[in-house]
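Notes to accompany the following structure.
The values are calculated or read from the model by the stated rules, or taken from the named source; none is laboratory data. From a predicted model like this one, the values you see are computed outputs, not experimental measurements. We place every Cβ from the backbone using ideal geometry, glycine too, and count neighbours over all the protein chains shown.
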Amino acid sequence: MLRFIVALCLLAVSWAQDCEVANIQVMQNFNKTRYTGTWYAVGKKDPEGLFLLDNIVANFEIKEDGSMTATARGRVIIFNHWEVCADMFATFEETPDPAKFRMKYWGASAMLQTGDDDHWVIATDYDNYAIQYSCRRRNEWDGTCEDSYSFIFSRHITGLRPEDQAMVVHKKREICLLGKYRQVSHTLGKCEALTPIDSINGGEFAGL
Ligand code: RTL
């Protein structure tokens, strides 16, 4: 019995070590210029609380000063039941690791969420798939992540190519999120069927 308990404890410790946020491997030699352009979210792991629902499309750009910015559009529910199409903006602050950014984001409408999150690029081939990860809260005693979100991005609205799936599964396992994702559907081209939230508040615009 004692041996069984010791084995269980060892297993728990090794899991915690593997899943420590500090040990997560990110994209080597990340090239933000090759990352620019349109990415369709085809899978996502939600954080706690409100989040983008579906029809999520992100567009990354490099400004003249070399910094990265992005826009994202997707369906969200506000005030508990109101489905709207949200336009979001983000600026990225660089860190010593080129694949790890701090992302400040806000909505075109003041009704939308604002935030300041980690934004890590776990892996990408730039032309087909990208895996993004963000840990919002770490567990103090073992360094694992308590509240995270992650997107699987594809350059193709139809999803990942079959040949990229194994790599994506491997990376999901490495970041300890395998089995936690759900598919993101793309049924509303640019959310056109929904009220754009700008028209609710008179088009207040938070351009970059
Ligand atoms: C992702 C990358 C591109 C730029 C931005 C991103 C995240 C947006 C988020 C939006 C949440 C909105 C909510 C609105 C409801 O009030 C990572 C796609 C801005 C997290 C919850």
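Residue check: is residue 76 within 11 Å of the ligand (Cβ to nearest atom), touching a helix residue (DSSP H, G or I) at 6+ places or on another chain (Cβ under 8 Å) and not in a loop (DSSP other than H, G, I, E, B)? Before you say what the answer is, go through the steps one by one.
Details: within 11 Å of the ligand (Cβ to nearest atom): yes; touching a helix residue (DSSP H, G or I) at 6+ places or on another chain (Cβ under 8 Å): no; not in a loop (DSSP other than H, G, I, E, B): yes.
Here the answer is no, as residue 76 does not meet what is asked.
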Among the residues that make up segment 82-97, is at least one of them surrounded by fewer than 16 Cβ atoms within 10 Å (Cβ to Cβ), within 25 Å of residue 29 (Cα to Cα) and of a type outside the set (Asp, Glu)? yes
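So that you can scan it fast, the table gives a plain yes or no per residue for (1) among the hydroxyl-bearing types (Ser, Thr, Tyr); (2) within 10 Å of the ligand (Cβ to nearest atom); (3) over 13 Å from the mean Cα position of the chain (by Cα):
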| residue | (1), (2), (3) |
| --- | --- |
| 105 | yes, yes, no |
| 108 | no, no, yes |
| 111 | no, yes, yes |
| 118 | no, no, no |
| 121 | no, no, no |
| 125 | no, no, yes |
| 137 | no, no, yes |
| 142 | no, no, yes |
| 146 | no, no, yes |
For segment 38-81 the number of residues that are more than 21 Å from residue 177 (Cβ to Cβ) and within 16 Å of the chain's Cα centre (by Cα) is 12
Quick one: in segment 127-138, of everything that is surrounded by fewer than 19 Cβ atoms within 10 Å (Cβ to Cβ) and touching a strand residue (DSSP E or B) at 6+ places or on another chain (Cβ under 9 Å), which residue is farthest from residue 36 (Cα to Cα)? 138
Index of the failed condition, residue 8 passing every other in (1) assigned to a helix (DSSP H, G or I); (2) at pLDDT 95 or above: (2)
Residues in segment 84-101: is at least one at pLDDT 95 or above, away from the ligand (no atom under 11 Å from the Cβ) and under 14 Å from the mean Cα position of the chain (by Cα)? yes
